[in-house]
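**Student:** The structure follows.
The values are calculated or read from the model by the stated rules, or taken from the named source; none is laboratory data. Predicted, not measured: the structure shown is a model, and the values here were computed from it. Because the Cβ atoms are built from the backbone with ideal geometry, glycine has one as well, and the counts that use them run over all protein chains shown.
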Amino acid sequence: MKTLLVYYSRTGMTEKIVKMIQNKINCDIEEITDNNKYSGKLGFLKGGMNASMRRTSKINPITKNPSDYDLIIIGTPVWASNVATPIYTYLMEYNKEFKKIASFCTCMSSGYEKTLKNISLLTGKEQTSTMFLTAEDMGNPKEKINNFINEIK
Ligand SMILES: Cc1cc2nc3c(=O)[nH]c(=O)nc-3n(C[C@H](O)[C@H](O)[C@H](O)COP(=O)(O)O)c2cc1C
């Protein structure tokens, strides 16, 4: 199954999980970034505002065509109980090209159910597998990652 893992990560948590998944399955990777600066306190506020108002942004050009893949795995941090703005934009722009999807999110502690559900709603697709990781889970995420991957297979 040809798989593309698409993610955004502001501070490296989601990226850490991406790397662990990449070590276990054969997949291509697409990191999504946009033209906003989300660093620092102002960036945090901007991110929260953009995500809660469901604003799209101008994402940088993608390098992989999602329609070439059997499965798209989406990885996003939770922003204001929603997907991060760069991923929200990617979903809005490309969801018609997805075949199967699965997703995961990282968060401090809350908003993950809504985030994962929003991915299904935004894409109009049932997901083969979902996973969330809270700050507490990040210390030892291996079991959750294994379960996530087994469900995908
Ligand atoms: C703008 C913004 C909004 C956030 N909103 C939430 C939230 O609603 N619930 C939560 O548990 N964590 C929230 N967080 C924390 C991140 O989801 C969490 O730290 C995540 O693991 C960061 O992933 P990253 O390092 O890949 O960017 C928020 C962070 C940012 C920057």
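**Student:** When you look at MET20, is it within 15 Å of the ligand (Cβ to nearest atom), surrounded by fewer than 20 Cβ atoms within 10 Å (Cβ to Cβ) and closer than 19 Å to LEU133 by Cα, yes or no? Can you show your working first?
**Tutor:** Values: within 15 Å of the ligand (Cβ to nearest atom): yes; surrounded by fewer than 20 Cβ atoms within 10 Å (Cβ to Cβ): yes; closer than 19 Å to LEU133 by Cα: yes.
It is true that MET20 is within 15 Å of the ligand (Cβ to nearest atom), surrounded by fewer than 20 Cβ atoms within 10 Å (Cβ to Cβ) and closer than 19 Å to LEU133 by Cα.
**Student:** Same structure again: List pairs: first residue in region 103-124 and under 23 Å from ASN150 (Cα atoms), second residue of a type in the set (Phe, Trp, Tyr) and within 8 Å of the ligand (Cβ to nearest atom) anywhere in the structure, Cβ distance under 7 angstrom, at least six positions apart or on different chains.
**Tutor:** The qualifying pairs are CYS105/TYR112.
Table: residues versus (1) within 15 Å of the chain's Cα centre (by Cα); (2) buried (at least 18 other Cβ atoms within 10 Å of the Cβ); (3) at pLDDT below 95.
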position: PRO61; (1), (2), (3): no, no, no
position: TYR69; (1), (2), (3): no, yes, no
position: PHE132; (1), (2), (3): yes, yes, no
position: LYS153; (1), (2), (3): no, no, yes
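**Student:** Being touching a residue at least 12 places away in the same chain (Cβ under 8 Å) and farther than 16 Å from MET20 by Cα narrows it down to one of MET131, MET138, MET92, so name that one.
**Tutor:** Values: MET131 fails: farther than 16 Å from MET20 by Cα; MET138 fails: farther than 16 Å from MET20 by Cα.
Among MET131, MET138, MET92, only MET92 is touching a residue at least 12 places away in the same chain (Cβ under 8 Å) and farther than 16 Å from MET20 by Cα.
**Student:** Which condition number does LEU45 fail, the rest of (1) in contact (Cβ under 8 Å) with a residue 12 or more places away in the chain; (2) over 14 Å from the mean Cα position of the chain (by Cα) being met?
**Tutor:** Looking at each condition in turn, LEU45 falls short on (1).
**Student:** Residue check, VAL83 against (1) in contact (Cβ under 8 Å) with a residue 40 or more places away in the chain; (2) within 16 Å of the ligand (Cβ to nearest atom); (3) in contact with a strand residue (DSSP E or B) (Cβ under 6 Å, 6 or more places away or on another chain), all met but one. Which one?
**Tutor:** Among (1) in contact (Cβ under 8 Å) with a residue 40 or more places away in the chain; (2) within 16 Å of the ligand (Cβ to nearest atom); (3) in contact with a strand residue (DSSP E or B) (Cβ under 6 Å, 6 or more places away or on another chain), VAL83 violates only (1).
**Student:** May I pose another question? From the list PRO77, PRO86, pick out the single residue that is assigned to a helix (DSSP H, G or I) and buried (at least 20 other Cβ atoms within 10 Å of the Cβ).
**Tutor:** Details: PRO77 fails: assigned to a helix (DSSP H, G or I).
One residue alone meets the criteria, PRO86.
**Student:** Exactly one condition in (1) out of contact with any strand residue (DSSP E or B) (no Cβ under 7 Å at 6 or more places or on another chain); (2) modelled with pLDDT under 95; (3) of a type outside the set (Val, Ile, Thr) is false for ASP34; which is it?
**Tutor:** Here ASP34 clears every test but (1).
**Student:** Can you tell me which residues in region 58-74 are within 23 Å of THR128 (Cα to Cα) and part of a loop (DSSP other than H, G, I, E, B)? So that I can check it myself, show each step before the final result.
**Tutor:** First, pick out the residues of region 58-74 that are within 23 Å of THR128 (Cα to Cα): 64-74.
LYS64, ASN65, TYR69, ASP70 - these are the residues of region 58-74 that are within 23 Å of THR128 (Cα to Cα) and part of a loop (DSSP other than H, G, I, E, B).
**Student:** Every residue in region 28-56 that is in contact with a helix residue (DSSP H, G or I) (Cβ under 7 Å, 6 or more places away or on another chain), more than 10 Å from the ligand (Cβ to nearest atom) and not hydroxyl-bearing (Ser, Thr, Tyr), please. I'd like the intermediate steps shown before the answer.
**Tutor:** Residues of region 28-56 that are in contact with a helix residue (DSSP H, G or I) (Cβ under 7 Å, 6 or more places away or on another chain), as a first pass: 29, 32-34, 36-38, 47, 50-51, 54-56.
After this cut, where a residue has to be more than 10 Å from the ligand (Cβ to nearest atom) as well, the list is 29, 32-34, 36-37, 54-56.
Passing the criteria: ILE29, ILE32, ASP34, ASN36, LYS37, ARG54, ARG55.
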